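A quick write-up on the structure given underneath.
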Amino acid sequence: MRIIIADDETWVRTTIKNMLMELDMPLDIVGEASNGEELIEMSQLHQPQLAFVDIRMPKIDGLEAIRVAKELSPQTRWVISSGSSDFKYAQEAIRLGVKNYLLKPVDPQSLSACVEEISEDYNHDLVKGNDEFEFLISSFVWGNRTLQDLSGFQSHQFSGTLICIDSSLSESLKLQLIQTWLKEIQTHMKKTMNHKDIRYAKITLRNGDYAIITAWNPSHRSIMMSIRSELVHFIKSKMIEYKTDYFSLTALQSDISDDLETCMGQISSLQNAAPLRAVLPHSGVWLKKDLDFYQNNDQPIVEISRTAERIVRYYQSNEYLFYKKEIDTLERQLTSIPLHQIKTIHAICEFFNTTIKRAFDPNSQSKIWIEKLRELGEKLLPTSANKDLANQDLINHVIRHIEQHYMDDIGIHQLATQFNITPNYLSTLFSKRVGVTFSKYITQIRMHKAKEILIEKTNMKIQEIANQLGYYSSSHFIKTFSEFHGSSPSQFREQHLDK
């Protein structure tokens, strides 16, 4: 917690500072002001979470300084430390929204209780704000909200990190590991991004991938750049810590964007570039500009990486014919790799060792492990029938859940967790079995229900129908309905009534 101490007497500032430093709390004394003008300047510069202010100070008194500074640093909690118990001062302090009024000499117990109370209050607001931000971003990604619903963040800058999971472990173990890893990342962000104008969210994208979105007011760019650098370092260290022979994580980092729409567009570009992790060193953080370089300058490597990712996807979903076809493609592609790119061969081998089975020797000729891939594929055939039945039963359960809860703000993450599998796997399985993506299926259900309501409840308002179907914005519902049915809800209702 960033703190400013404002008092015209040096010994008072030093006393309060020493008492604060003795508290077992993460406190940072970012400034000491000897008058009201300095307090205003420091508040604007440091954006403290807490400020202790004496009333009687030179140039500008404490109460007037708070009145000005609170406009410049709106998230600051203000505490009066004064030798006067005059009721008129207390009244004015209350009007200014001061959180506490400590009489001098301030004793350690009162100071400790005051800081703990304000810290809890501030952290509660931060958690609430981030929960709301995460909910809004997730709803936007899943098509339940529009950019207008996030108007409170129009002036913010955004950054995104795509998390890629590669593993040959069971879906339940994979899910357990990634959730534990993400929890550690969220805990770190909660500790470091303790500022009201900085927001973070862990979301599940429509295809089941995980992403971390951060947003901040541009006026705090320097603070955020430091926090962002620290976050990248922490992610790298945790990736190394969690890496095993059977589990690996890769993070793809977007550029900084001036709006959410651009940020999500960059996340989409990162998803398109994600297969490159098959030919790059694992457990790393890769910047968008580095991935763009590969995509623009080494198309053969890009195609090989995409083939390798498809091989893993078809193997893990027991799609033998597609798996076999992609191995033939990879065999042809490998002949085009120059001998000096031996690191690419090693990286692909390690990718298969992590995601399929540790059975590939990077130092052997590619034709040897191509044959090994074919052998492993043959073993898929006896288990395919039983696994297909189990997968179909799983998808039937998911479909029933959607039909019962289509009006709720449901996403693939909560269903995947319920069935103890990763969102990415459920997304792939759902698209394969149903023929459309998870999000499109929910939209189809909602649009069919919308037709029923428009026909059966002719007096029901469009806004009420939108809310009943799970849309927060009637304009978004109207746009989706028009795209799906070729006419607006009102036009559809009128056409039906005319028949």
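A few points about this structure:
- Residue in region 137-147 that is modelled with pLDDT of 85 or more, surrounded by fewer than 14 Cβ atoms within 10 Å (Cβ to Cβ) and farther than 23 Å from Arg13 by Cα present: no
- Of everything in region 212-258 that is in a helix (DSSP H, G or I) and of a type in the set (Gly, Ala, Ser), the residue that is nearest to Gln179 (Cα to Cα) is Ser237.
- Verdict on Arg67 being buried (at least 21 other Cβ atoms within 10 Å of the Cβ), of a type in the set (Lys, Arg) and assigned by TED's automatic domain parsing to the domain that holds Asn18: no
- Verdict on Ile3 being part of a strand (DSSP E or B), crowded, with 16+ Cβ neighbours inside 10 Å and either of a type outside the set (Lys, Arg) or assigned by TED's automatic domain parsing to the domain that holds Met224 (or both): yes
- Looking at Ile455, Ile421, just one residue is modelled with pLDDT under 90, not assigned by TED's automatic domain parsing to the domain that holds Glu309 and not in a helix (DSSP H, G or I), and that residue is Ile421.
- Some residue of region 259-267 being over 20 Å from Cys349 (Cα atoms), in contact (Cβ under 8 Å) with a residue 12 or more places away in the chain and not in a helix (DSSP H, G or I): yes
- Subset of region 368-383 that is modelled with pLDDT under 85 and exposed (fewer than 14 other Cβ atoms within 10 Å of the Cβ) - its residue that is nearest to the chain's Cα centre (by Cα): Thr383
- Restricting the search to helices (runs of 4 or more DSSP H) fully inside region 286-373 and requiring at least 1 residues that are without any contact (Cβ under 8 Å) to a residue 24 or more places away in the chain and under 20 Å from Tyr425 (Cβ atoms) gives 299-316, 320-334.
- Every residue from region 187-216 that is among the polar types (S, T, N, Q) and under 19 Å from Arg77 (Cα atoms): Thr192, Asn194
- Looking only at region 340-367, and only at residues there that are among the polar types (S, T, N, Q) and under 19 Å from Asn318 (Cα atoms), the one that is surrounded by the fewest Cβ atoms within 10 Å (Cβ to Cβ): Asn353
- Of residues in region 414-439 being of a type outside the set (A, V, I, L, M) and free of Cβ contacts under 8 Å to residues at least 24 places away in the same chain, the one surrounded by the most Cβ atoms within 10 Å (Cβ to Cβ): Ser431
- Number of the condition not met by Asp28 [criteria: (1) exposed (fewer than 14 other Cβ atoms within 10 Å of the Cβ); (2) in contact (Cβ under 8 Å) with a residue 40 or more places away in the chain]: (2)
- The lone exception for Ala51 - which of (1) part of a helix (DSSP H, G or I); (2) of a type in the set (A, V, I, L, M); (3) under 24 Å from Met224 (Cβ atoms) it fails: (1)
- Of the residues Tyr242, Tyr323, the single one that is over 27 Å from the mean Cα position of the chain (by Cα) and either buried (at least 16 other Cβ atoms within 10 Å of the Cβ) or not β-branched (Val, Ile, Thr) (or both) is Tyr323.
- Members of region 190-214 found to be of a type outside the set (Val, Ile, Thr), farther than 23 Å from Ala273 by Cα and in contact with a Ser or Thr (Cβ under 8 Å, 6 or more places away or on another chain), listed by number: Met193, Asp197, Arg199, Tyr200
- Subset tally (residues that are surrounded by 19 or more Cβ atoms within 10 Å (Cβ to Cβ) and either of a type in the set (S, T, N, Q) or in the same structural domain as His413 (by TED's automatic domain parsing) (or both)) for region 173-228: 2
- Whenever a residue of region 482-495 is closer than 15 Å to Thr443 by Cβ, its partners that are part of a loop (DSSP other than H, G, I, E, B), lying with C-beta atoms within less than 6 angstrom and at least six residues away or across chains, give the pairs Ser482/Ser488.
- Complete set of residues in region 128-160 that are in contact with a Phe, Trp or Tyr (Cβ under 9 Å, 6 or more places away or on another chain) and in a strand (DSSP E or B): Gln157, Phe158, Ser159
- Any hit, region 461-483, residues being assigned to a helix (DSSP H, G or I), within 26 Å of the chain's Cα centre (by Cα) and among the aliphatic types (A, V, I, L, M): yes
- Here Ala308 fits the description: more than 23 Å from the chain's Cα centre (by Cα), of a type outside the set (Val, Ile, Thr) and surrounded by 21 or more Cβ atoms within 10 Å (Cβ to Cβ).
The values are calculated or read from the model by the stated rules, or taken from the named source; none is laboratory data. As the structure is a computational prediction, the values presented were derived from the model and not from experiment. Please note: Cβ atoms are built from the backbone with ideal geometry, for glycine as well, and neighbour counts cover all protein chains shown.
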